[in-house]
Each structure stands twice: as C-alpha cells, then as structure tokens.
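This report refers to the structure that appears directly beneath it.
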C-alpha cells in the first residue's frame, strides 16, 4: 500500500550524477527528438537523473486522481454560477466553455505540476490541461534512455505508461476516423509532440494528418476546412484557445462544427483562476496552496500568475527574498487577470556544485495518472528553457 499523504517520506527525491552521455540525444533524433540542443543550449540533461522512491510515485498518482476530481467539481461550480471573474475570457470564450462543459466533451490528456518536498509532501502549482508540453520527452525519449542506460541500480524502474494510455484513450474520445493535428509551423518542439500524438492515434486505428494552424480556413458550406478543402471534423491543436479566439477568424469558432482536442471546457481547468476556485471550495486541503484573486488574502510572500499565462511567462513574486525570480510577459501575449498563490519555492538539489530546482510533471490521460516527466531549472520559476531530466524509481 502507498504511504498516506501526510506520512513523511525522507529522501523522497535525489539527483544522481551519471557518466556524461553526449551521444544519446543524437541517437534519440530517430524518435523525433531533434530539439535537444536549441541555440546551443542543452535541453536534455546528459549527466544526471532523478531517483524517486516508488512510494512517492504512488503518492503522486493518488494526488493527481484526487485533484482531477476536485478540478472537475470546481469547474462545474464556476459554470453553474456563470461567474468567470479572473479567468480573462472573452464573451465568445465563455460561451464556448459553457457549451463544451455542458456537453461533457471528453479530454485526451493533461499534466499536473507538483512541488515535491524533501519529506515527500506534495503541493499543486498548476494543471496544464489545454496545451501541456514536454510529452514526447516524457513518454518516448526518457523511456529509450532508460532502456539504453548503463550503470543504473539493480531493480530500477520508470513510471512511464504514457504511450499505452494514449493509444488506449483514443477510441474512448468518440471521434471520426480522420483526425487532423495542428501546431505552429515554425515550432520544432511542438511539431515533434504533434507527430508523436499522431502516431498514437494511428496505433489506435485513426487516420491522422498534420496541419499548420494558420492553414485552417473557412468555407461557407463546410465550415472550417484544410487547404485541400476537406472538412475539419476533428482536430487536435497544440495552440491555446484564447489565441484562436484572438485571430481574425476567431468569430468562426462557434460556427465551425469541429470537434477540438482539447475541448473548450479544458480552458477552465488550465486557467490559473481555477487555483483560486479550488482554494475557495477546499480551503486548507493538503495538496493545495492558498490562492486568490486578491493579493491581500495571501499571507506572506506570494507569486502572481497571469490567468492565461503559459510557459512561466509573466510571473511576479512579491515579499520574498527571491524576487529576482519574476519573469517577463512577451509583448505579443495579451494581458489577463493576476491570480495570487502562496509562494512555495522549489527545493534545491545539487547539480555539480550549483543549485537545480526540479518540478514534477505528472501526466494524466483520460483522468488516469500514467507517468512522470521532470523539468529542472537554474531559477525558481520553471520556464520553456529549463532542462528535461530523466528519472528512475527504486
């Protein structure tokens, strides 16, 4: 039986140095992992892994299951009230969210980001429920690393059933045979993730085709279509809903008749304002950090998160010695309300004499946790530029 959530688990996570392997990232290019060294920066950690106790992985799975239910309840409460204060939705997005929620449109996947304390305690930072990144690395690349690595301790395992879970999930989505997969044409990492998801859909029996998101157009009779004129009946998009809404053709979204993955209701789950709703509904819950739209409601240091923020952009830390951890919001991203969450910095691990700060990314497919991906950075706010570090269980 797994440890109970309030049972201390000393030495829950250790960073272990390994012989440097510069060849593995290049071997992994055959898996679609061509973005291991963007701008000369090492995105894949070539000389280390994280070691977790198996009971800690079990604890994270229990936490993810519980939080999935709590978030569903919080989203339902928001829709029932019709109160979207703090979410930053346009009126059109509100209507799309409500229609999708009431239809209970099925979801494919999501990623919980957890703070893991030295004693095994868990706190939810946020739920990436709409466009979660680093899936290929977690599901495919680190599994290949595990199978090829030498010198790992006897009995080592990896928490990684993501691929099987995705293949098994597609038939439950109720989609037509042909599914399109859209992403920005100039994002190598996103195209690789979409290509991987296409492979899982094909393994489940679907026809899958890639489509740059800006190639989607409108036809008066057929609605949203591909450049070849094929009707876009079902489309996975690695592109946020609020970005689509802001496009010139955003007004067409309610009229297009397309089944989108992830569905519009997942905007509620992914939005940082759901953190405040969770704390309102479940105050003092051991998996949650206090969160509110009102900064004065959070005692002590707090981090401000844009409701529609992505990839660590636009974070603001107040009343903490680590105020330099604040990040900028790119000019092209529109502003959105700020959600304040109690500041609980990541524990530091020794990375060869310098501190490294790992965040636990627990992948959930169809509401069932199925694997772990760890990102670590040199700073206290995890961003797109931070490293992916593989893990093992003992």
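Every read-out reported here was derived from the displayed coordinates using simple, explicitly stated rules and does not represent laboratory data. Predicted model only: the values in this text are computed from it and were never measured. Virtual Cβ from ideal backbone geometry, glycine too; neighbours counted across all protein chains shown.
Quick look at the numbers
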{"quantity": "Region 80-232, relative contact order [Cα under 8 Å, separation at least 6], %", "calculated": "15 percent"}
{"quantity": "Cα-based shape type of region 163-232, given that a ≥ b ≥ c are square roots of the gyration tensor eigenvalues and the cut on a/c is 1.5", "calculated": "oblate"}
{"quantity": "For the chain, built as a Gaussian network whose Cα springs stay under 10 Å, the top-fluctuating residue of 221, 69, 178", "calculated": "221"}
{"quantity": "Prolate/oblate/rounded label for region 127-255 (Cα gyration tensor, a/c 1.5)", "calculated": "prolate"}
{"quantity": "Segment residue 83-residue 218, length gained on full extension (0.36 nm per residue, minus Cα span)", "calculated": "45.4 nm"}
{"quantity": "Mean separation of Cα contacts under 8 Å (6+ apart) over length of region 197-301, as relative contact order %", "calculated": "15 percent"}
{"quantity": "Distance (nanometres) between label positions extended 7 Å along Cα→Cβ at residue 384 and residue 42", "calculated": "2.3 nm"}
{"quantity": "Relative contact order of the chain, pairs being alpha-carbon contacts under 8 Å that are 6 or more residues apart, as %", "calculated": "24 percent"}
{"quantity": "Two-site FRET efficiency, residue 148 against residue 187, from Cβ-Cβ distance with R₀ of 22 Å, rounded to 0.05", "calculated": "0.20"}
{"quantity": "Which labelled figure in (1) 27, 56, 13, 4, 0; (2) 26, 57, 17, 1; (3) 27, 60, 12, 0 is P(r) over Cα pairs in 20 Å bins from 0, in percent, once derived from the coordinates", "calculated": "(3)"}
{"quantity": "Fraction of beta bridges assigned by DSSP in the chain that are antiparallel (%, nearest 5)", "calculated": "75 percent"}
{"quantity": "Ranking of 26, 269 by count of other Cβ atoms within 10 Å, fewest first", "calculated": "26, 269"}
{"quantity": "Rounded, prolate or oblate (a/c below 1.5 giving rounded, otherwise prolate when a/b exceeds b/c) for region 55-200 by Cα gyration tensor", "calculated": "oblate"}
{"quantity": "Span from the region 143-174 Cα centroid across to the region 334-394 one, whole angstrom", "calculated": "19 Å"}
{"quantity": "Distance from region 227-304 to region 42-73 (C-alpha centre basis), Å", "calculated": "22 Å"}
{"quantity": "Taking 382, 150 and counting other C-beta atoms within 10 Å, the order from fewest to most", "calculated": "150, 382"}
{"quantity": "Modelled FRET efficiency - R0 41 Å, residue 16 with residue 95, Cβ distances, 0.05 increments", "calculated": "0.25"}
